[in-house]
Amino acid sequence: MKKLYWRPQKISLKLLWLIALVALAGFILTERYSFSEKQPYYEEKIKAAKLAEKAFDLVKAERIKRGYPIDIESDPLQSGLIGELLTPVTTNPGHLPAKQTSINPNFAAVIVHMLKRAGVEEGMTVAIGLSGSFPALNICTLAAVKTLGLRPIIITSVGSSQWGANLPNFMWLDMESYLYEQRVFPYKSVAVSRGGIDDRALGLPRESRKMLDDVIARSGVSMIQFSNYDESVELRMSIYREYSEGKDIMAYINVGGGTTSVGGKVGKVMFKPGLNRTMPKGSADINSVMTRFAIEDVPVIHLTKIDVLAERYGLPLIPLRMPIVGEGSIFVKESKSMPMVAGLLVLIFILLIAIVRLDWGYRMISSSKRDKPSMKPERMV
């Protein structure tokens, strides 16, 4: 004898509303009850950002001491790390919003994050190419390197684009020397070039080039001597190899758009902002320091397109107040409770099976209205 099965002709709208309300309540719960999750290397990131913040304050005080007033319109944070629109030693055009966004000590944490992702550990050697265009990012780079206990080899292009370290008597090399004297950072550049067009400040008047040479002279850093672009790239690579003392260079950090470092405008955009683990397609044809290291499978950290990096790591664009150390998703992220989400999904699934596939819903309704069944059962064989 065949068994008889009974099921309702249709599903109760009330029960469907019940499922919808349970789903809505679950959504509200998961959105409301999230928790803060510290990101990897949290302590190192905080330490690096605090060190950068300390260096920011010292540079600001020294700038004021040297008689350079701060323009609140171009430097709303009054950081002292933004230069002027045009000075005799300005080598290239610059983008003021990018300079303003870079005034954030938490970029030091971003660089710590990138170095760790690149696999760099304490005691390892890294090559660095700095320029005068982003003094705040230069400081953040040195803060990250010191915090992680790395051994840097630094080559600097002293020239600066607009709004960078372009004050003739307080350029990046002056800032670097001052922070070294104050024992904030235990290292300085090992070599320096003028920077700008062709890495020789071409296009600047003779007087301006002399000012750049004077800055280099008072820093005590050796000036790179070369006759053309390719020779400059080759000299930089030989300096990195010499100072590495036979040890592997584990990463290359480029700050800004130094000509020989990035390979001009074309090379600058081929490498993505941030960490580059592999060589971008087509970049092998460009002779630059970044390309040379990428060919050798050395990770390249490209600090450019500052707005992109800021948004990626939860830092503000053109902050209206000096950012507080520890702000941003680079330190802490809001996460959902995965057990809660999983539990709610299981509950909704059970309700759907019980009400739609089985006859629990019908039994619930028929038991509450036995005198007047709201649904007429349909016999199935």
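Straight Cα distances below 15 angstrom link K188 to the aspartates and glutamates D174, E176, with same-chain residues fewer than 8 positions distant left out.
I'd like to compare 136-145, 246-255: which one has the highest average count of other Cβ atoms within 10 Å, and what's the full order after that?
Values: 136-145: 29.0, 246-255: 19.9.
Highest-to-lowest ranking by the protection proxy: 136-145, 246-255.
Charged side chains reduced to their Cβ positions (Lys and Arg at +1, Asp and Glu at -1) give segment 52-97 a dipole of some 200 debye around its Cα centre. Using the Cβ-Cβ distance between K247 and K38 with R0 set to 25 Å, the FRET efficiency works out to roughly 0.15.
A simple packing score, the average count of other Cβ atoms within 10 Å per residue, orders the peptides 57-63, 119-125, 103-109 as 103-109, 57-63, 119-125, with the highest score first. Full extension of the chain segment joining S238 with T278 gains 12.2 nm, where the gain is 0.36 nm per residue of separation less the Cα-Cα distance. Label sites at R66 and L202, each approximated as a point 7 angstrom past Cα along Cα to Cβ, lie 2.9 nm apart.
The residues packed around K188, meaning those with a beta-carbon under 13 Å from its beta-carbon, carry a net charge of 0 if Lys and Arg are +1 and Asp and Glu are -1.
What does the charge count around D57 come to, taking other residues whose C-beta lies under 12 Å from its C-beta (Lys +1, Arg +1, Asp -1, Glu -1)?
Working: positive: K50, K54, K60, R63; negative: E53, E62.
Local net charge: +2.
Derived scalar couplings between HN and Hα for segment 110-120 equal 4, 5, 4, 4, 5, 4, 5, 5, 6, x, 7 Hz in order, rounded to whole Hz, by the Karplus curve 6.51 cos²θ - 1.76 cosθ + 1.60 (θ = phi - 60°), x for Gly and Pro. Shape class for segment 174-262, computed from the alpha carbon gyration tensor (a ≥ b ≥ c): oblate, with a/c not under 1.5 and a/b at or below b/c.
Listed by Cβ neighbour count within 10 Å, with the fewest neighbours leading, S79, S222 appear as S222, S79. Close amide H pairs (under 5 Å, H built 1.01 Å from N) link S161 with T91, N92, S133, residues at least 5 positions away or on another chain.
Treating the beta-carbon of each Lys and Arg as +1 and of each Asp and Glu as -1, no other charges, what is the dipole magnitude of segment 42-333 about its Cα centre, to the nearest 20 debye? Kindly include the intermediate steps, with their values, before the conclusion.
Details: 34 positive and 31 negative charges, 75 e Å.
The calculated dipole for segment 42-333 is roughly 360 debye.
When only Cα pairs under 8 Å and 6 or more residues apart are kept, what is the percent relative contact order across segment 38-181?
Working: 232 pairs, mean separation 48.4, N = 144.
Rounded, it is 34 percent for segment 38-181.
Around G257, with a cut-off of 14 angstrom between Cβ atoms, what is the net charge of the other residues, counting Lys and Arg +1 and Asp and Glu -1? Each step should come with its number before you reach the end.
Numbers: positive: K99, K265, K268, K305; negative: D198, D199.
Spelling it out: positives minus negatives among the neighbours equals +2.
When a/c reaches 1.5 or more, the comparison of a/b and b/c decides; with that in mind, is segment 37-76 rounded, prolate or oblate per its Cα gyration tensor? It is oblate, given that a/c is not under 1.5 and a/b is not larger than b/c. Rounded if a/c is under 1.5, else prolate if a/b beats b/c, else oblate: with a ≥ b ≥ c from the C-alpha gyration tensor eigenvalues square-rooted, which is segment 42-333? Rounded shape, in that the Cα axes give a/c under 1.5.
Take every DSSP beta bridge with both residues inside segment 42-333 and express the antiparallel ones as a percent of the total, to the nearest 5. Intermediate values should be presented prior to the final figure.
Details: 5 of 27 bridges.
Among the beta bridges of segment 42-333, antiparallel pairing accounts for roughly 20 percent.
Throughout, read-outs are computed from the coordinates displayed, never taken from laboratory work. No experiment lies behind these values; they were computed from the predicted model shown. Note: ideal-geometry Cβ built from the backbone for every residue, glycine included; neighbour counts use all protein chains shown.
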